[in-house]
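The next block holds one structure in the form of structure tokens; read it before the comments.
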Amino acid sequence: MKRFAALIFDVDGTLAETEEIHRRAFNESFAHFGLDWHWSVALYAELLLVTGGKERMRHFAAREGKPLSDLTDARLAELHRYKTTRFGELIAAGACALRPGVIELLNVAGARNQRLAIATTTSRDNVDALLRATLGERGLGLFDPIVAGEDVDDKKPAPDVYLKALDLLGLPACECLAIEDSRNGLISASAAGIPVLITRSAYFRNDTFDGGFAVVESLTDLVGQQLLP
Ligand code: XBP
Ligand code: MG
């Protein structure tokens, strides 16, 4: 892996197993806004195929034939802002640690002067909350650029976030490695021409990942699989 000038990290499921915290924040927000919606683990696993919280809620409403009459774009955005605030509170309270092997890989990359970037579908506020809670204030400066869902028109599996990250890095795709956990992320980074390392996450553990650079159970496997040199 040392041949790559930059490592571009996905966030949810890759840096940390945050989707359970998202699911809790969504459910608490639905209750707060008086919606009789509840996303179980099994249902959320299906809904995660739709990236972006607002897009996921609209997809759910349409799929379930839920009355959208009172869920205007403005109210949906208000609900999502509430959810993002709640997610940030849970993360700040220590609800989620970085996945095993992440800090070690960040340290090895830093020692090699490899650049670190983020390309995620989630909201920037969520990224900042996770980095601050797990790495302290220094965490916010570790990754540059940080490209989040609101920075692009089309979320994963579209390549937009990765293309923007490449542009801001000023590097060709072949000199970068994307680290992802989902098929949408694999498709997105691959469409941008970037090789992809998959680290299996809780919600996508049984997915098939063809065409990647490598697939590991966790980033702690990199040493064992001689991928770190
Ligand atoms: C995962 C997503 C996000 C999160 C929820 O992003 O698809 O939508 O599930 O966050 P990634 P928001 O794996 O690319 O990090 O509600 O802010 O969208
Ligand atoms: Mg992910």
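The values are calculated or read from the model by the stated rules, or taken from the named source; none is laboratory data. On a predicted model such as this, the values are computed, not experimentally measured, just so you know. Here the Cβ positions follow ideal geometry from the backbone for every residue, glycine too, while neighbour counts run over all protein chains shown. Surface areas here come from the heavy atoms of the whole protein model, side chains and all, with no ligands, DNA or RNA. Shrake-Rupley method; radii C 1.70, N 1.55, O 1.52, S 1.80 Å.
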How high is the relative contact order of the chain, in percent, counting Cα pairs under 8 Å that sit 6 or more residues apart?
-> 26 percent
Using only helices, what value at 222 nm comes out for the chain when you add -39,500 (n - 2.57) per DSSP H run of length 4 or more and divide by the total residues, to the nearest 500 deg cm²/dmol?
-> -13500 deg cm²/dmol
In nm, to one decimal, how far is the modelled label at Ala62 from the one at Glu46, with both set 7 Å along Cα→Cβ?
-> 1.6 nm
Any idea how far the Cα center of the stretch 1-49 sits from the one of the stretch 94-172, in Å?
-> 16 Å
Counting only residues 5 or more apart in sequence or on a different chain, those whose built amide H sits under 5 Å from that of Val215 are Ile198
How large is the Kirkwood hydrodynamic radius of the chain, in angstrom, based on all distinct alpha carbon pairs?
-> 17.9 Å
Accessible surface of the chain, 1.4 Å probe, proportion on carbon and sulfur as whole % | 52 percent
Please express the Cα-Cα pair-distance distribution P(r) of the stretch 13-112 as a list of whole percents, one per 5 Å bin, running from 0 to the bin with the greatest distance.
-> 2, 12, 20, 22, 16, 10, 7, 5, 3, 2, 0
Between helix 73-92 and the chain: long-axis angle, C-alpha atoms, 0 to 90°, nearest 10 = 50 degrees
Residues of the chain: accessible area per residue at 1.4 Å, in Å²?
-> 44 Å²
Contour minus Cα-Cα distance for Arg205 and Asp73 (0.36 nm per residue) = 44.2 nm
Acute angle (nearest 10 degrees) that the helix 102-111 long axis makes with the longest principal axis of the chain, alpha-carbon atoms = 40 degrees
In nm, what is the difference between 0.36 nm times the number of residues separating Asp154 and Arg24 and their Cα-Cα distance?
-> 44.3 nm
Taking N as its residue count, the alpha carbon Rg of the stretch 182-229 over 2.2 N^0.38 Å | 1.13
Quick one: helix 53-64 against the long Cα principal axis of the chain, what's the angle to the nearest 10°, folded into 0 to 90?
-> 50 degrees
